[in-house]
Amino acid sequence: MKRSVNEIIEKLMAVAANPGQAVKAACAKSGKQAVGIVAPYGPEEIAYAAGCLPVGLWGGQVELKRVRAYLPAFACSIMQSVVELAAAGTYDELSAVVIPAPCDTLKCIGQKWKGKCPAIHFTHPMNRKLDCANDYLTFEYQTIRTKLEAILGRKITDEALADAVLFYNHYRAVMREFTLVARDHLATISPIVRHSILKASYFMDKAEYTKDIEDLIYALRRAGPENWNGKRVVLTGITFEPRELLEILEFYHVAVTGDDIAQESRQFRTDAPYHKSPLQSLAAQWQNQQGCSLAFDPFKRRVHDLVDLVRTTQADGLVVGLMKFCDPEEYDVPILMEAFEKAGIPLLCIEVDQQTTAFEQIKTRLQGFVEAL
Amino acid sequence: MSEINFDEMTSKQMLEYLVAKNMEDARQAKAKGGLVCWSSSIAPCEFCEAMGIYTVYPENHVVGIAARGGAPELLAHAERKGYSNDICGYARVNLAYMDVQKCISEEMPLPDLVLLCNNICETLLKWYENIAHTLNIPLLIVDVPYNHESEVTEENVAYVEAQFKRIIEQLEDITNRPFDYDKFEEVMKIASQNAKDWYDATALCSAVPSPLSGFDMFNYMALIVCMRGKAECGITFRKLKAELEEKAANKICGLKGAEEQHRIMWDGIACWPYLSHTYKVLKNHGVNMVGSTYPSAWALMYTPGDLNGMARAYTSMGNNLSLKGQIDLRESIIRDTKCGGVIMHMNRSCKMCDFLQHEIGEAVTSDMRVPITTFDGDQADPRNYSKAQYETRIEALVEMMNEQKREGGDQ
């Protein structure tokens, strides 16, 4: 029997609200080992092909204590939390963590990993459109594969990798479908629900998760489109947490019609194209990634893509959730502000800090923004 | 130029003359329709030099502005444009300058193209993206992947080398001329020789007392940044070397009017808005800054004609090394220049300089028993520095170094 919209939403929201518990449950159920993938991008498919549960590490609301010894206060909020959680032993049950180096902060975090599980580092090439970038990243991914094999004590076959790439392309297509369907259900798929559903993907077996999303899409379509009389915005940034930020959107009756959030749509909007070698496919996916502040692009496709996204989703404006002390994002803000002013689209930039506890200022700014829309 | 006789000039006079001339040449070239490139400070200058493109260096330009106290108004302009004050001060000042084209220092012509190499930091990627996008000009990039392991991999080097071919194609397209391989070969020889001359001269800091203060080295750095592809650069450093050798033979210390009582390594970029203050406080305690990562940063030596070796040199420089590589580099500097202490600049502008300081400090303290102090500052934004904090920290460091000297004496 098909499950109801509410049933599926409740399940995924419970996962997003209790990541540690969800990961333990998923591992117990499948007998898999968990491998952490530090934000923003890592080749999850390699861990999946190794028979592991890839787990996304995106920080969280945690009191910063230990990290104060290791990092100055002007490191980005998300990496402060990751280091804090690592130092507190939260990630010790992981079999390994994979750490990318797309910005100066992550380069350093990778080198000073404070967790007990082994860390595997890699670097994304930034001159992404050249063939040599594919060669380089394929080598980096091969190194991750070899190290993971040594840690896990088993081979990761080409066949398993090719299957994982194909499966992840399917997962990504389903997720894109979900974000389209969600636009017709803005009352049910509220900002908090939308975010929680997308976030749950990091703490579940992708096969089970993908099935849940397919069932959700089916159930939503069966229920038929909903009317929405509130305002509509597109979100952009690295993450749009803590939850209180989304509660403010809901308080002012604002729906999310689309996102360019690294933790959300940036994860699944680019497929891995076909290559004979599955690792080359994964490398080509990074080459094809566009519109992300962390993927070098002198043409700033992100700006055009965001204008298009606001228009095609009939949003009233753009909300930039600017991760505190994230310079790749900060550099894009003036360019976005100028382009959106030219396009006549309202834009609001608010600071995102995972450790914030006072939201009154943001609430006032959002209220002003919504009233002006 | 014909009236200038380098033989009659000191290295300092040559430095001042050549740095000013380099900017003047670029301004004149721009006025006559020539091409001007803005380049990051440790990018391969060899390509543009071979094609007769005038290259100027935003980082160096901002240093001139910041050291003359002209950064605040440009920083304010950048912040009005929406740039967060968390972003690198060099970038903020430069992006504002690109907009207003007016500053307290030398005026720098706007670029027709930009060249970046991210071997010093990733912030350059975004900074130069913004320049290229705003001015709608070509961007040339040599992307050097971060060496996260202790060795520089062949794959990293091969990737960097392959990008050189793309730069050559881009330059042929931009200039509408075939790439000048003969000139390129000649420039490679000059650049590699200049790197060696720079390193040889600054390595004389190892003499006791050191004939060169690191703060003077900061000034000479302008030349290796801006003119690494030109022969006059090496002539100046050979002259500097001869001058320093003479001073070393006569036991003349690089601190003007003070005796060298302590030798320290300065870890990080200079605090340009307060260069004089940072220097004088040290001098008043008889502290000579003799160790720095700068000499090796531009020691980009390779066999001319060997593109693979050239790629390896650019991707192996200090900032692009793993934590272990960075610790090893600093320990060898401390050893070679006989430093008794370390000052770490917690530079609000540079995450790459700061975020490994804790681990580097721990390793250096444990391996070498060298006292360390840190201070808060900024390479361009004067708001992030406190004179009182710096003075107190230096006093404490000097006390620790005195203590260690006494202990050493007792033993």
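The values are calculated or read from the model by the stated rules, or taken from the named source; none is laboratory data. Remember, it's a predicted structure, so these values are computed and weren't measured experimentally. Cβ atoms come from the backbone with ideal geometry, glycine included; neighbour counts cover every protein chain shown.
Could you tell me whether A:Gly60 is in contact with a helix residue (DSSP H, G or I) (Cβ under 7 Å, 6 or more places away or on another chain), assigned to a loop (DSSP other than H, G, I, E, B) and surrounded by fewer than 23 Cβ atoms within 10 Å (Cβ to Cβ)? Considered against the rule, which asks whether it is in contact with a helix residue (DSSP H, G or I) (Cβ under 7 Å, 6 or more places away or on another chain), assigned to a loop (DSSP other than H, G, I, E, B) and surrounded by fewer than 23 Cβ atoms within 10 Å (Cβ to Cβ), A:Gly60 comes out as yes.
Looking only at the stretch A:194-230, residues that are of a type in the set (Lys, Arg) and either farther than 12 Å from A:Arg3 by Cβ or outside any helix (DSSP H, G or I) (or both) come to 4 in all. I'm checking my understanding of the structure. Among residues of the stretch A:287-298 that are touching a Leu at 6+ places or on another chain (Cβ under 9 Å) and surrounded by fewer than 23 Cβ atoms within 10 Å (Cβ to Cβ), which one is modelled with the lowest pLDDT? Among them, the one singled out is A:Pro298.
Restricting attention to the stretch A:78-103, the residues that are in contact (Cβ under 8 Å) with a residue 40 or more places away in the chain, part of a loop (DSSP other than H, G, I, E, B) and at the interface with another protein chain (Cβ under 10 Å from one of its Cβ atoms) total 3. Would you mind stating whether A:Thr157 is touching a residue at least 60 places away in the same chain (Cβ under 8 Å) and surrounded by fewer than 23 Cβ atoms within 10 Å (Cβ to Cβ)? For A:Thr157, the condition - touching a residue at least 60 places away in the same chain (Cβ under 8 Å) and surrounded by fewer than 23 Cβ atoms within 10 Å (Cβ to Cβ) - is met. Helices (runs of 4 or more DSSP H) fully within the stretch A:257-373 that include at least 3 residues being farther than 26 Å from A:Asn134 by Cα: A:301-312, A:327-343, A:360-372.
Results for (1) more than 17 Å from B:Thr134 (Cα to Cα); (2) away from chain B (no Cβ under 14 Å); (3) modelled with pLDDT under 95, shown as yes or no for each residue.
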{"residue": "A:Ile248", "(1), (2), (3)": "yes, yes, no"}
{"residue": "A:Gln267", "(1), (2), (3)": "yes, yes, no"}
{"residue": "A:Val303", "(1), (2), (3)": "no, no, no"}
{"residue": "A:Val310", "(1), (2), (3)": "yes, yes, no"}
{"residue": "A:Pro328", "(1), (2), (3)": "no, no, no"}
{"residue": "A:Met337", "(1), (2), (3)": "no, no, no"}
{"residue": "A:Ile350", "(1), (2), (3)": "yes, no, no"}
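Just so you know, in the stretch B:99-127 the residues that are within 12 Å of chain A (Cβ to nearest Cβ) and more than 23 Å from B:Tyr294 (Cα to Cα) include one that is surrounded by the fewest Cβ atoms within 10 Å (Cβ to Cβ), and it is B:Asp99. Screening the candidates A:Thr157, A:Thr188, A:Thr210 for the property of being away from chain B (no Cβ under 14 Å), closer than 15 Å to A:Val256 by Cβ and hydroxyl-bearing (Ser, Thr, Tyr) yields one hit, A:Thr188. Scoring B:Met310 on the criteria (1) within 29 Å of B:Gln163 (Cβ to Cβ); (2) within 14 Å of chain A (Cβ to nearest Cβ); (3) in contact (Cβ under 8 Å) with a residue 40 or more places away in the chain leaves a single failure, condition (2).
Would you confirm, using the coordinates I've provided, whether A:Ile151 is at pLDDT 95 or above, outside any loop (DSSP other than H, G, I, E, B) and at the interface with another protein chain (Cβ under 10 Å from one of its Cβ atoms)?
Against the criterion (at pLDDT 95 or above, outside any loop (DSSP other than H, G, I, E, B) and at the interface with another protein chain (Cβ under 10 Å from one of its Cβ atoms)), A:Ile151 does not qualify.
Taken together, A:Leu106, A:Leu180, A:Leu166, A:Leu130 contain a single residue that is free of Cβ contacts under 8 Å to residues at least 12 places away in the same chain and at the interface with another protein chain (Cβ under 10 Å from one of its Cβ atoms), which is A:Leu130.
The numbered conditions (1) buried (at least 24 other Cβ atoms within 10 Å of the Cβ); (2) assigned to a loop (DSSP other than H, G, I, E, B) are all true for B:Cys205 except (2). Of the residues that sit in the stretch B:153-177 and are under 20 Å from A:Gln142 (Cβ atoms) and either at pLDDT below 95 or at the interface with chain A (Cβ under 8 Å from one of its Cβ atoms) (or both), which one is surrounded by the most Cβ atoms within 10 Å (Cβ to Cβ)? Once the filter is applied, the top-ranked residue is B:Tyr159. The criterion of at least 3 residues that are farther than 22 Å from B:Asn219 by Cβ is met by the following helices (runs of 4 or more DSSP H) wholly inside the stretch B:6-72: B:11-31, B:46-50. Could you tell me whether the stretch B:133-152 includes any residue that is within 30 Å of B:Asn384 (Cβ to Cβ), more than 10 Å from chain A (Cβ to nearest Cβ) and either in contact with a strand residue (DSSP E or B) (Cβ under 9 Å, 6 or more places away or on another chain) or part of a helix (DSSP H, G or I) (or both)? Yes, the stretch B:133-152 contains at least one residue that is within 30 Å of B:Asn384 (Cβ to Cβ), more than 10 Å from chain A (Cβ to nearest Cβ) and either in contact with a strand residue (DSSP E or B) (Cβ under 9 Å, 6 or more places away or on another chain) or part of a helix (DSSP H, G or I) (or both).
Table: residues versus (1) surrounded by 24 or more Cβ atoms within 10 Å (Cβ to Cβ); (2) within 30 Å of A:Ala162 (Cα to Cα); (3) touching a Pro at 6+ places or on another chain (Cβ under 9 Å).
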| residue | (1), (2), (3) |
| --- | --- |
| A:Gly42 | yes, yes, yes |
| A:Ala47 | yes, yes, yes |
| A:Ser81 | no, no, no |
| A:Ser95 | no, yes, yes |
| A:Leu106 | yes, yes, yes |
| A:Lys112 | no, no, no |
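A:Arg3 satisfies every condition listed in (1) crowded, with 17+ Cβ neighbours inside 10 Å; (2) at pLDDT below 95; (3) not β-branched (Val, Ile, Thr) except (1).
Among the numbered criteria (1) charged (D, E, K, R); (2) in contact (Cβ under 8 Å) with a residue 60 or more places away in the chain; (3) part of a helix (DSSP H, G or I), which single criterion is violated by B:Asp182? Only one criterion is unmet by B:Asp182, namely (2).
The condition of being within 14 Å of another protein chain (Cβ to nearest Cβ), surrounded by fewer than 23 Cβ atoms within 10 Å (Cβ to Cβ) and part of a loop (DSSP other than H, G, I, E, B) holds for B:Ser84. Candidates B:Gly70, B:Gly52, B:Gly64, B:Gly89: the one that is away from every other protein chain (no Cβ under 13 Å) and either out of contact with any helix residue (DSSP H, G or I) (no Cβ under 9 Å at 6 or more places or on another chain) or closer than 23 Å to A:Tyr331 by Cα (or both) is B:Gly70. In the set (1) within 12 Å of chain A (Cβ to nearest Cβ); (2) within 21 Å of the chain's Cα centre (by Cα); (3) part of a helix (DSSP H, G or I); (4) more than 19 Å from B:Asn347 (Cβ to Cβ), B:Leu95 fails one condition alone, (4). When A:Leu137, A:Leu152 are checked against the criterion of being out of contact with any Lys or Arg (no Cβ under 7 Å at 6 or more places or on another chain) and closer than 21 Å to A:Gln287 by Cα, a single residue qualifies: A:Leu137. Residue count for the stretch A:339-373, restricted to those that are surrounded by fewer than 19 Cβ atoms within 10 Å (Cβ to Cβ) and out of contact with any helix residue (DSSP H, G or I) (no Cβ under 8 Å at 6 or more places or on another chain): 14. Considering only residues that are closer than 25 Å to B:His148 by Cα and in contact (Cβ under 8 Å) with a residue 60 or more places away in the chain, look in the stretch B:355-377 and name the one that is farthest from the other protein chains (Cβ to nearest Cβ). Applying the filter and picking the extreme gives B:Ile360. Scanning the stretch B:384-399 for residues that are touching a strand residue (DSSP E or B) at 6+ places or on another chain (Cβ under 7 Å), more than 24 Å from B:Gly69 (Cα to Cα) and surrounded by fewer than 16 Cβ atoms within 10 Å (Cβ to Cβ) yields one hit, B:Ala396.
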